[in-house]
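Input: a single structure, listed below in structure tokens.
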Amino acid sequence: MHFGDAICRFNPVYSQGMSVAAQEAILLRQLLGSQAREGDPLAGRAPAFFAEACVLIETPWTLSAIPDFVFPETQGQRPPDFRMLKFGRALNRLAASDPAVHKKMLEVQHLLKPQCVLHDPDLVQHVQAVMAEA
């Protein structure tokens, strides 16, 4: 991901870099295939690719890179608040006792499901209850 003058990389601890690269390769193949019969199949593909790649990158970036900002050594623009980290900690605590939540978290972390499944109103309510207990 690119922010200003800094190129940001995935933390290899989370093992998502190659998965994202594979998803981007599939996206590129789809974009090129849809334009193959045009006179210049590459025309305008870069902006379309990067726009759609941002959507692919959002989940693994949020789950892996943003939490690294709790460490002062991490360089880059920090999010305005770390509320999502508190939510993540509470979600982890809930997942430790609820197999369905654990499964859902793993599916998102392994890029099998989109991050929005973690914003299910019932799940959010349970996570907020865990946050209130802390």
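Quick notes on this one:
- Restricting the range 35-47 to residues that are hydrophobic (A, V, I, L, M, F, W, C) and surrounded by 10 or more Cβ atoms within 10 Å (Cβ to Cβ) leaves a set whose member that is farthest from Lys113 (Cα to Cα) is Leu42.
- A single member of Gln77, Gln125, Gln109 is outside the structural domain of Ile57 (by TED's automatic domain parsing), in contact with a Gly (Cβ under 9 Å, 6 or more places away or on another chain) and not charged (D, E, K, R), and it is Gln77.
- Counted residues, the range 82-115 - those being under 21 Å from Glu133 (Cα atoms) and basic (Lys, Arg): 4
- Looking only at the range 70-94, residues that are of a type in the set (A, V, I, L, M, F, W, C) and crowded, with 16+ Cβ neighbours inside 10 Å come to 4 in all.
- Among the residues here, Leu32 does not qualify as buried (at least 16 other Cβ atoms within 10 Å of the Cβ), at pLDDT 85 or above and in a helix (DSSP H, G or I).
Quick grid of which residues meet (1) more than 30 Å from Arg89 (Cβ to Cβ); (2) modelled with pLDDT of 80 or more; (3) outside any loop (DSSP other than H, G, I, E, B); (4) not assigned by TED's automatic domain parsing to the domain that holds Leu106:
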{"position": "Arg9", "(1), (2), (3), (4)": "no, no, no, yes"}
{"position": "Ile26", "(1), (2), (3), (4)": "yes, yes, yes, yes"}
{"position": "Pro47", "(1), (2), (3), (4)": "yes, yes, yes, yes"}
{"position": "Cys54", "(1), (2), (3), (4)": "no, yes, yes, yes"}
{"position": "Leu63", "(1), (2), (3), (4)": "no, no, yes, yes"}
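- In the range 95-118, the residues that are in a loop (DSSP other than H, G, I, E, B), surrounded by 15 or more Cβ atoms within 10 Å (Cβ to Cβ) and touching a residue at least 60 places away in the same chain (Cβ under 8 Å): Leu111
- Residues of the range 55-75 that are without any contact (Cβ under 8 Å) to a residue 12 or more places away in the chain and under 24 Å from Cys116 (Cα atoms): Val55 alone.
The values are calculated or read from the model by the stated rules, or taken from the named source; none is laboratory data. What you see is a predicted model; the values in this text were computed from it and never measured. Using ideal geometry, Cβ is built from the backbone for each residue, glycine included, and neighbour counts are taken over all protein chains shown.
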